[in-house]
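Here's the structure we're looking at; comments come further down.
The values are calculated or read from the model by the stated rules, or taken from the named source; none is laboratory data. Quantities reported herein were computed from a predicted structural model and do not represent experimental measurements. Cβ coordinates were reconstructed from backbone atoms using ideal geometry, including for glycine residues, and neighbour counts include every protein chain displayed. All accessible areas refer to the heavy atoms of the entire protein, side chains included, with ligands and DNA or RNA removed. Shrake-Rupley method; radii C 1.70, N 1.55, O 1.52, S 1.80 Å.
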Amino acid sequence: MPNYKLVYFPGRGRAEVSRLIFKAAGVPFEDVRINTANGEWPGETKAKCPFGQMPVLFVDDKVLAQSKAIGRYLAREFNLAGKTNWDQARADMILDQFEDIGTEIYKFMFEKDAAKKAELSEKFNSETLPRHLGYLENLLKENNGGTGFFVGDSLTWADLALANAYDHLGGTDAPFANSPLLAGLIKRIRATPSVAEWISTRPQTPF
Amino acid sequence: MPTYKITYFNFRGRAELARLIFAAAGVPYEDLRIEMSRWPVEYKDQCPFGQLPLLEVDGKVLAQSKTIARYLAREFNLAGKDSREQALADMILDHYADIMNEMKVLWLESDAEKKATLLQKFKTETLSKHLGYLETILRQNSGGGGFIVGDSLTWADLMVVDSNDWLGVMFPNPYDNFPLLAGLVKRVREMPQVAEWIAKRPDTPR
């Protein structure tokens, strides 16, 4: 087994899906958290990053960048990507959708004008997010009624991404009030022993 | 061989990488380009996320342009020879997506003068840095005179070719200061099946 080292800021952010993949797969890894406050970032770390950004994954001495590429690589290595090329594509599609939702959140997350931020946030919560969750609820339903997993009949990283989105969307059931199948899947995944243990023991961070 | 269909607008846009993959692989497909007036009414309901492009494989649908391209690349052995090569190609794809997202913000600027200033700043500061990272990755692959990942054509090389077109919409000759990338674009565009597609594809503004 290679030596895995995941390097990111002290937060869930763009590294948490990969951490969940390691935990669900039961594979040990070095969970390196780099601080901006004391000069650790950029420090010597930035130069090691192919695009000057984190997260990066070291597999022995080889580096990979881009959070989704890292997640997909790990998911494939640990048989959490999907059993066929088609299933893998269905999982990728769901991950792309979460990325799109994230992009919408970033539009107002860093908005400095308070009034504009409130307006964008309201639009997101009342229109954009429900629309995106509606699509995902339909996709889940298409998979044998939606009481199992997102893709096929076993856990994939698409399920872990959903469980992770729960935290990014505020950590409450509220956003999923009209998406009972998604809510059910989130509950099942977060209750899986390896995931539950990680969620309760991981560092508590604001992002 | 399954029946393939790509549905998109009459642009290169978010479908062109998939079209280049079909061309490079020599695999036939239906290249459906719909008029804006027929969207959304006629097609939106078929789309898992209400958006195009859409890939149909024997009638089963896939959405999301990056996923579509990756699926096809894997089917046609253009994804990379092992898991690490596939990850490197994915990494390059995500980097181009980041560049495109940053450019979209500039595109939306309505004040013409402000837009011109922003574009110039983006080109000399941001884009230059982003493309520099890719030039380095290419150089690190056996000196950069071959392909960007591994030692044979992958969809990562087609991403570079495609980017030359979409970057070129706002920034003509985007790889002028990046000799290895420029060389790769030239080599791949001259490969027979790619050259044939580029010559015969509809000529669209983007």
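List of remarks:
- Test result for residue B:111, within 10 Å of chain A (Cβ to nearest Cβ) and out of contact with any Gly (no Cβ under 8 Å at 6 or more places or on another chain): no
- Selected residue (only one of A:160, A:133, A:169, A:129 is surrounded by 15 or more Cβ atoms within 10 Å (Cβ to Cβ), under 16 Å from residue A:16 (Cβ atoms) and in contact with a Pro (Cβ under 8 Å, 6 or more places away or on another chain)): A:169
- Some residue of the range A:76-90 being under 15 Å from the mean Cα position of the chain (by Cα) and modelled with pLDDT of 95 or more: yes
- Criterion violated by residue A:38 - all others in (1) away from every other protein chain (no Cβ under 12 Å); (2) assigned to a strand (DSSP E or B) satisfied: (2)
- Summed over the range B:67-78, the residues that are open to solvent by 10 Å² or more (accessible area, probe 1.4 Å) and more than 7 Å from chain A (Cβ to nearest Cβ) give a count of 3.
- A residue that is assigned to a helix (DSSP H, G or I), away from chain A (no Cβ under 13 Å) and either buried (at least 17 other Cβ atoms within 10 Å of the Cβ) or among the aromatic types (Phe, Trp, Tyr) (or both) occurs nowhere in the range B:44-66.
- Screening residue A:139 with (1) over 30 Å from residue B:44 (Cα atoms); (2) open to solvent by less than 60 Å² (accessible area, probe 1.4 Å); (3) within 10 Å of another protein chain (Cβ to nearest Cβ) gives one miss only, at (1).
- If the condition is being within 8 Å of chain B (Cβ to nearest Cβ) and open to solvent by less than 10 Å² (accessible area, probe 1.4 Å), then the range A:68-91 contributes A:69, A:70, A:72, A:89.
- Filter result for residue B:128 (exposed (fewer than 15 other Cβ atoms within 10 Å of the Cβ), within 19 Å of the chain's Cα centre (by Cα) and touching a residue at least 40 places away in the same chain (Cβ under 8 Å)): yes
- Test: residue A:107 is at pLDDT below 95, surrounded by fewer than 19 Cβ atoms within 10 Å (Cβ to Cβ) and of a type outside the set (Val, Ile, Thr): yes
- For the range A:195-207, residues that are open to solvent by 40 Å² or more (accessible area, probe 1.4 Å) and in contact (Cβ under 8 Å) with a residue 24 or more places away in the chain total 4.
- The range B:131-167, residues that are under 19 Å from residue B:14 (Cβ atoms) and either within 13 Å of chain A (Cβ to nearest Cβ) or in contact with a Leu (Cβ under 8 Å, 6 or more places away or on another chain) (or both): B:155, B:156, B:157, B:158, B:159, B:160, B:161, B:162, B:167
- Extreme residue, surrounded by the fewest Cβ atoms within 10 Å (Cβ to Cβ), among residues of the range A:48-67 that are more than 11 Å from chain B (Cβ to nearest Cβ) and not in a strand (DSSP E or B): A:61
- Cβ pairs under 9 Å, 6+ apart, first in the range A:116-127 and under 21 Å from residue A:166 (Cβ atoms), second exposed (fewer than 15 other Cβ atoms within 10 Å of the Cβ): A:121/A:109
- All conditions in (1) over 20 Å from residue A:96 (Cβ atoms); (2) surrounded by 14 or more Cβ atoms within 10 Å (Cβ to Cβ) hold for residue B:88, with the sole exception of (1).
- Scanning the range B:183-206 for residues that are part of a helix (DSSP H, G or I) and either touching a Pro at 6+ places or on another chain (Cβ under 6 Å) or under 19 Å from residue B:100 (Cα atoms) (or both) turns up just one, B:185.
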